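Visitor: Provided herewith is a single structure, encoded as structure tokens, for subsequent inquiry.
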Amino acid sequence: MGIFIYSMVVSMTLLLTAIGFALVYGVSRLPNFAHGGLYILTGYLVWGFLNRLGVNYIGATILSLIIVAAVGATIYQFVLKRVRGMPDSEIIASFSLGLAVMEGLRSLGLVGYAYTIPVFVRGTVVVAGVPVDWQRLIIIGVGLGVVAFLWAFTHYTKPGLALRAMAQDERAAMMLGIDSDLMAVVCLALGSALAAVAAITILPLGNITIETGYNVLIYAVAVCMIGGLGSWPGAVVAAFVLGFAQILTTAYISPQWHMVVVLLAILLTFIVRPSGLLGRQKQLEERV
Amino acid sequence: MTNKPILKVSEVSKYFGGIGAAKNVSFDLYEGDILGVIGPNGSGKTTLINLITGFVKKDSGHVFFRGRDITRLESHRIADIGITRTFQVMRPYYSLSAYKNLVIPLNSPRVKRSSGGRLGDRDTVAIDLLEEVGFERDSYVPYKVASVLPLGYLKRLELARCLALKPEIIICDEVFSGLSMSEIATMVPLLEKLHIEGITIMMIEHRLRELFQLANKVIVMNFGEKIAEGTPGEITANEKVMEAYLGTGGGIELC
Amino acid sequence: MPQEDRRKERLDRGVKARTEGIYAISAPRDIAYLLIPRLVLILGLLILPLVMQNIYWQKVLCIICVFALLSISFNFLTHFVGIVNLGNALFVGVGGYTSAVLHSSFKLSPVLSIIAGTFGGALISTILLLPCLPARGIYFAIASLMYPLIFPRIIEALNIFGGTDGIIGVATFPNIWVDQYLIIVVLLVTLFVLRRLVNEDFGLILRGIKDNDQAIRASGIGVTWYKTQGVFIASAIGCFTGAYLVHLYGWAGISLFGLDFSIFPIAVSVVGGSGTLVGSVVGSLILVPMSEMLRAFGTLRIMIYCLILVGFITLKPEGLMRYFTRKYEQFEHWKRV
Amino acid sequence: MKKQLSFSVTIGLCFVLVSSLLIVRVSHAAPVPEGRPIVIGAPLSVGFNYGLGSKQSIILAAEEINAKGGISVAGKRHPLKVEVADTRDLEPGVPTSEGLMVVEKLLLQQKADFLVGGPIRSEVMLAAMDLVSKHKKVSILSVGAVTPAFNKRISDDPTKFKHSFRTSGNSIHLTTEGIGVTEQLKKEHGFNKVYIMGQDVAWARISSNLYKSELEKRGFTICGYELYPTGSTDFSIGLLKAKEAGAKIISPWMDMPETSILIKQWYDMKMLALLIGYMVAATHPDYWNGTKGTCEYIADLYTKAGTVPTPALPKSVEFVNAYKKRWGTEPISEYDGSCYTAVYALVDAIGRAGTFDSDSVAAALEKTDMKGTVMGRVRFDKTHDIIYSQDPEEGAVCLWAQWIKGKRVVVYPSKIASGRIELPPWMK
């Protein structure tokens, strides 16, 4: 039982970290390697608002959400837009931006173990004989919430539908009068905001350290790889696969393997089903 | 003509998520034939080619080349045994000049085998080929980068790429489409020449006039099914074809 | 003239037209036109160690060459085979470890172990990448990005090859001159051999694959086999740098798989001008010393560095090499429209 | 055109920045009355807690010495000049070669006479040893890099590595210390079920393994021993296992920041087990505020004494106060004491050698014997590693401190302890 609950938690953590990346790639085919940077940035923003400017928690979170979303949009507007369509340039540009953010924070002296953002609710409940602290339950909640939101958003709202149109066929979408660039901006903002949400929910578990940024990025990419690049439902599935895989390895084999498991999972997926669990890229390519 | 088919297609089918692009299509292709395949857009003609040349995996059915089962062969193997095809959407190597485009197929195992490694300077061979398909030898055209060549030349380039392999069967996917009358007028004799040289040709076409004057046998496809087969004469007389292909009424002289 | 009613007109220099193609060139000016850039590169690289007396900067030169090589390998894969490979670190790591293990366990002499590391490593990494080869574009890219992340974990978990302590006490080169000239010569050789190769028929086919592999198949040529060969060449280059680094510092460790080795070469080639092999050298000649100079900034260094990089990429997407080539081959002037 | 401009502007700007900064640095090197300044190179990964702390304490020590007039050698007074260079060696994904470049830069470019401090990551340190021996400069490793491979190399080839010394001690010492405190707990509270969580890196592997086997010898029951790879972010299953096994002591051996996830979860789950061990996160002076007090009752092992003031070590109190005055915080990393001492040990050795020549200084260092430093008595054994003891009169001491009511109380070894280990209320 405990294994199940904590597998859920881990899966949701993975999901939250990955969903932003998945969305951005899915819609505008932009690998946003600044993901990790934005994630960490959020952490320090919230911390700063709380401890330096004395904003209350709600305000701090909302403010930093907005800021990070704005940063994401700016990144597209001023950098990625110019290099669009050149995969290596895209990756380098976004990655170095992310790195710049992280190293910038580092050079501000934001190192050490004193930085952390508060949990929503402190305390613990016993679920089916397993003590779980509220924050982890909340993570599950938020995760589900995000998925539900995205689903509703992409199925019922105009911008959401536009995004889906973009994802399926950019040219056609543009012919239908959807502004591709605008949409890309929107979706980068959204993606960054999602990264921020992830940070706000997950970081309270530990404390904010810059190195986390790298791991977040790697996990995001990993999940998207397995789920099938560019399909966020795939990312959802993949997150669960990975989460359970990790916890089961930890529980029954040995924790020292759980990283290896993740990375091997990627290669396995790749060899068996290159387009990922829910990716459809390959089939499309098959038609000459 | 031998009565043994050089290419035997039997019962091949392909479904793209429910939509049958080819349903149990089967026909024979005899040495020296010029087989025309006609049918309205989306009737699965191109898919048929892709199935034969192995660019798309077959769901079911078999293809035999000179009695040998080539159903499961990879596309490049199929090309290797002498069944080449042109693409409807032309696929030259845009970054290379026209004659360099031909140097690539000239390096293929098939050519190496046939020429026994004594092909000589590939560039000149390539230019000869280009001349054969109607590039002006002494002009700049053969040296131009493929991306700047006009459509007509690209179509010829496609053909030349097939010829470079000294194939036994050439499958042309709408070589006439998008060409001006004059260009077509030069293209038709080219195909006839190939035919005389003894290359079996299978061609998909919308331009029935040219097709009917070239082909000695025609297949009509509709919704992935073969609805008729016969000489041009029979086809023009066939009611079903009228229905499916030209809509009710109307003469054959549409195009 | 106001911005809007003018445009820049570019005209080829006559000498370019003359010296292009395969015509025999006799005029000294034409020969010079062709020779000078190449000579500048070759002699420049060969003389550099002699003019730089400071040992530290001589070491930097070695690193410059290392990254130049890595980015050449990246460039080759990306622009002549059509495989975007984000996992250069895989090559470095595999090559390095191969040669280090051979050296320390089987007591091979550095020369042998470098050679073995280069080709053995290339073989290993090619085999590793084989399953991914059918995939295109971003799929291969990200899969290859994952490889170098796996290896450290496995080495860590299995505690093989010295675990996290790495393999230490590998023999280093006798002196600084060997350090430099080995890598410089290798760099130059690789550069010109590759340049030659991509213009041979083999290279033509690779470029054909990049343009569209359908047509390649249609002309009866197996794509995968050629891709494999391409990957082998690229990984051999990468593995050499790995083996070289190992013997340069007398150590091999899991950080040979470090992300920097994957990302930095790409940066180099983007700045230098992707698609031009020489561009890699130029880019590395600019980026590496820059990052060294920036050390003055301490922790701020990487940030500034990244920002400059982004500047390069966004404002000069064509890359420096193409820019220089244009300036060299054409003259531009503003034209009223 | 606009692009062109902005491009050139970017480039221009960066060079202006570089040059200006270089100028600034030059102007820093203020002229000194007599004797050339002695350059102490500190290759540290200053972007991290360890590096930052060490940098600050090395500078502090140097400033103190300069305030007293520097080192007097052959009648001349030489001031100390600290050159810190950023080896990003603790950063994930940064190849070791970069760290080595920096070490060489210090030696060749900055003309450092001696090295104090890093490199911090074992892998880099071991690789750097060869450089040091190649360039024949004395280097005192005083932060991180506690792998026993160091001792092995030196005992294998004493002449080659005669210039390398280490004041940060070695992971075996940590184990001994750990066993000591565990036994004390057994004596006081009868705890004998231990659950060990190691990090999957060389030093932690070694020390936790040793810890395990030693405890088993001493009749403890080990109800779990697991290795977590660096960067693992979830310890729930481990804790659950420990709970089921009814462990009384959970002992992590980790130097990764994610340990604070473990700490918080330990608190949230109200584990009926004491969390004691090597958890780098909890050694930070602001950790209490950082975790809003969830780290209370956690006993943490500090590799070397000095960072937590204790009356038994008068020097350490002075040091911490001076540090506070200079940097506005208590020492932020557990190695600050050892770095601070390293500088003094070096100066002392130079004084005795009466020259700056590396070989004679190294020889002098081997004979070092300083009493009453921030971490007790400083002597080097024949593997050039600091001699460790639980008695500050005998050697350098490690230290266990427990967080109680927002303060760190030294609880072990008994010679320097200022309090006893307390149990969290929910365990009573």
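Laboratory data are not the source of any read-out in this text; all were calculated from the coordinates shown. Treat the numbers as computed from the prediction; the structure is a model and nothing was measured. FYI the Cβ positions are ideal-geometry reconstructions off the backbone, even for glycines, and counts take in every protein chain you see.
Visitor: Could you identify which residue out of A:V125, A:V27, A:V197 has the top mean-square fluctuation in a GNM of chain A using Cα springs shorter than 10 Å?
Guide: A:V125
Visitor: I've got another one for you. With springs connecting C-alpha atoms under 10 Å apart, model chain C as a Gaussian network and identify which of C:I266, C:I31, C:I138 has the largest mean-square fluctuation.
Guide: Of C:I266, C:I31, C:I138, the Gaussian network model singles out C:I31 as fluctuating most.
Visitor: Based on the Cα atoms of the stretch D:51-100, what semi-axes does the equivalent ellipsoid have, where each is the square root of 5 times one gyration tensor eigenvalue, given in whole Å with the largest first?
Guide: Details: eigenvalues 197, 32, 5 Å².
One finds semi-axes of 31, 13, 5 Å for the stretch D:51-100.
Visitor: With a cut-off of 8 Å between alpha carbons and a minimum separation of six or more residues, what is the relative contact order of the stretch D:226-338 in percent?
Guide: The value is 21 percent.
Visitor: Whats the longest run of chain B with zero trypsin sites (Lys or Arg not before Pro) that are DSSP loop and have at most 13 other Cβ atoms within 10 Å?
Guide: On the way: sites that count: B:K57, B:R72, B:R118, B:R137.
The longest uninterrupted stretch comes out as B:138-255.
Visitor: Roughly how big is the protein assembly as shown's charge dipole about its Cα centre, with Cβ charges of +1 (Lys, Arg) and -1 (Asp, Glu), in debye to the nearest 20?
Guide: 1380 debye
Visitor: Ok, one more. Whose amide H sits under 5 Å from the amide H of B:R66, counting only residues 5 or more places off or on another chain, with H placed in the peptide plane?
Guide: B:L7, B:K8
Visitor: Would you please give the residues with an amide H less than 5 Å from that of B:F16, counting only those at least 5 places away or on a separate chain, with H modeled from the backbone geometry?
Guide: B:A21
Visitor: Can you grab the distance from the C-alpha centre of the stretch D:325-375 to the C-alpha centre of the stretch C:89-110, Å, no decimals?
Guide: First find each Cα centre; the distance between them is then 38 Å.
Visitor: Scan around A:V132 for amide H atoms under 5 Å from its own, H built in the peptide plane at 1.01 Å from N, and keep only partners 5 or more places away or cross-chain.
Guide: Here A:V125, A:V126, A:V127 satisfy the definition.
Visitor: Another question, then. Once you have all Cα-Cα distances for the stretch C:37-262, histogram them in 5 Å bins from zero and send the whole-percent values.
Guide: Distribution as computed: 1, 7, 14, 18, 18, 16, 12, 8, 4, 2, 0, 0 percent.
Visitor: Quick one: angle between helix B:122-132 and the longest Cα principal axis of chain B, in degrees between 0 and 90, rounded to 10, please.
Guide: Approximately 50 degrees, to the nearest 10.
Visitor: With 20 Å bins from zero, work out the P(r) of the protein assembly as shown over every alpha carbon pair and list the percent per bin.
Guide: Histogramming the protein assembly as shown at 20 Å steps yields 10, 34, 33, 16, 6, 1, 0 percent.
Visitor: Let me ask something else about it. For chain C, with a Gaussian network of springs between Cα atoms less than 10 Å apart, report the residue from C:G163, C:G44, C:G273 with the top mean-square fluctuation.
Guide: In this elastic network of chain C, the residue with the biggest mean-square fluctuation among C:G163, C:G44, C:G273 is C:G44.
Visitor: Sticking with this structure for a sec: Indicate the gyration tensor shape class of the stretch C:187-337 (rounded, prolate or oblate), computed on the Cα atoms with a ≥ b ≥ c the square roots of the eigenvalues: a/c under 1.5 is rounded; otherwise a/b larger than b/c is prolate and the rest oblate.
Guide: Because a/c hits 1.5 or more and a/b fails to exceed b/c, the stretch C:187-337 counts as oblate.
Visitor: Okay, moving on. Provide the convex hull volume over Cα atoms per residue for chain B, in Å³. Present the calculation step by step, with values, prior to reporting the outcome.
Guide: Values: hull volume 33.0 nm³, N = 255.
Given the Cα convex hull of chain B, per-residue volume reads 129 Å³.
Visitor: Also: At a 10 Å Cβ-Cβ cut-off, how would you order D:T373, D:T368, fewest neighbours first?
Guide: Fewest-to-most ranking of D:T373, D:T368: D:T368, D:T373.
Visitor: Among the GluC sites (Glu not before Pro) within the stretch B:120-171, which fall in a DSSP loop and have no more than 13 other Cβ atoms within 10 Å of their own Cβ? Don't skip to the answer; put the middle values down first.
Guide: Details: sites: B:E131, B:E132, B:E136, B:E158, B:E168; in loops: B:E136, B:E168.
Here the sparse-neighbourhood loop sites are B:E136.
Visitor: Here is a follow-up. Near B:K14, which aspartates and glutamates are there with a Cα under 16 Å away, not counting those fewer than 8 places off in the same chain?
Guide: Reachable aspartates and glutamates: A:E285, A:E286, B:D59, B:E225.
Visitor: Rounded to the nearest 20 Debye, what is the dipole magnitude of the stretch B:1-78 about its Cα centre when Lys and Arg each give +1 and Asp and Glu each give -1 at the C-beta?
Guide: The dipole magnitude comes to about 180 debye.
Visitor: Calculate the dipole size of the stretch C:37-262 relative to its Cα centre from +1 charges on Lys and Arg beta carbons and -1 charges on Asp and Glu beta carbons; express the result in debye to the nearest 20.
Guide: For the stretch C:37-262, the charge dipole is close to 320 debye.
Visitor: Continuing with this model, one more query. Using only Cα atoms and rounding to the nearest 10 degrees, what angle (0 to 90) does helix C:277-293 make with the longest principal axis of chain C?
Guide: Helix C:277-293 sits at roughly 70 degrees to that axis.
Visitor: Ok, one more. Can you work out D for chain A in µm² s⁻¹ from Stokes-Einstein, where Rh is the Kirkwood radius over C-alpha pairs, the temperature is 20 °C and the viscosity is 1.002 mPa s?
Guide: On the way: Rh = 19.4 Å.
D, rounded to a whole number, is 110 µm²/s.
Visitor: What is the stretch C:37-262's relative contact order, in percent, from Cα pairs under 8 angstrom and six or more apart in sequence?
Guide: Result for the stretch C:37-262 is 41 percent.
Visitor: Any chance you could check the Cα centroid distance between the stretch C:195-227 and the stretch B:128-195 for me, in angstrom?
Guide: The stretch C:195-227 and the stretch B:128-195 have Cα centres separated by 21 Å.
Visitor: Please name whichever of C:V170, A:A70, D:G290 sits farthest to the positive end of the charge dipole of the protein assembly as shown, dipole taken about the Cα centre and charges placed at Cβ: Lys and Arg +1, Asp and Glu -1.
Guide: Ranked along the dipole, the leading option is D:G290.
Visitor: Using +1 at the Cβ of each Lys and Arg and -1 at the Cβ of each Asp and Glu in the protein assembly as shown, identify which of A:I202, D:V124, D:Y228 lies farthest towards the dipole's positive end.
Guide: D:V124
Visitor: Here's another thing I want to ask about it. Treating each Cα of the stretch C:118-251 as an identical point scatterer and ignoring solvent, apply the Debye formula and state log10 I(q)/I(0) at q = 0.16, 0.18, 0.19, 0.20 Å⁻¹.
Guide: -1.00, -1.14, -1.21, -1.26
Visitor: Rounded, prolate or oblate: which one fits the stretch A:1-65, using the alpha carbon gyration tensor with axes a ≥ b ≥ c (rounded when a/c is under 1.5, else prolate when a/b beats b/c, else oblate)?
Guide: Verdict is oblate for the stretch A:1-65.
Visitor: Would you work out which of B:I19, C:I266, A:L41 lies farthest towards the positive end of the dipole of the protein assembly as shown? Charges go on Cβ: Lys and Arg +1, Asp and Glu -1.
Guide: My answer, from the dipole projection, is A:L41.
Visitor: So what's Rg/Rh here for the stretch B:103-221, counting alpha carbon atoms and using the Kirkwood radius for Rh?
Guide: Rg divided by Rh gives 0.98.
Visitor: Could you please tell me the mean projected area of the C-alpha convex hull for chain D, averaged over all directions and given in square nanometres to one decimal?
Guide: The number I arrive at for chain D is 22.9 nm².
Visitor: Can you list which of the DSSP-assigned H helices in chain D have a Cα extent of 18 Å or more along the long axis and an average Kyte-Doolittle score of at least -1.0? Could the numbers behind the result be given before it?
Guide: Details: long enough: D:2-28 (38 Å, 1.22); D:49-67 (27 Å, 0.07); D:122-135 (20 Å, 0.55); D:171-189 (27 Å, -0.58); D:202-217 (23 Å, -0.73); D:314-327 (20 Å, -1.06); D:336-353 (26 Å, 0.56).
In chain D, the long hydrophobic H runs are D:2-28, D:49-67, D:122-135, D:171-189, D:202-217, D:336-353.
Visitor: Would you mind checking C:K59/C:K327; D:K136/D:K367; D:K304/D:K371; D:K270/D:K292; D:K152/D:K212 for any pair whose Cα atoms are more than 25 angstrom apart?
Guide: The pairs that break the limit, which is 25 Å between Cα atoms, are C:K59/C:K327.
Visitor: Round to the nearest 10 and give me the degree value, 0 to 90, for the angle of helix B:151-164's Cα axis relative to the longest principal axis of chain B.
Guide: With both axes taken from Cα atoms, the answer is about 80 degrees.
Visitor: Okay, moving on. Calculate, axis by axis, the spread of Cα positions in the stretch C:280-337 along the three principal axes, and write the results as whole Å, longest axis first.
Guide: Cα extents, longest axis first: 49, 25, 15 Å.
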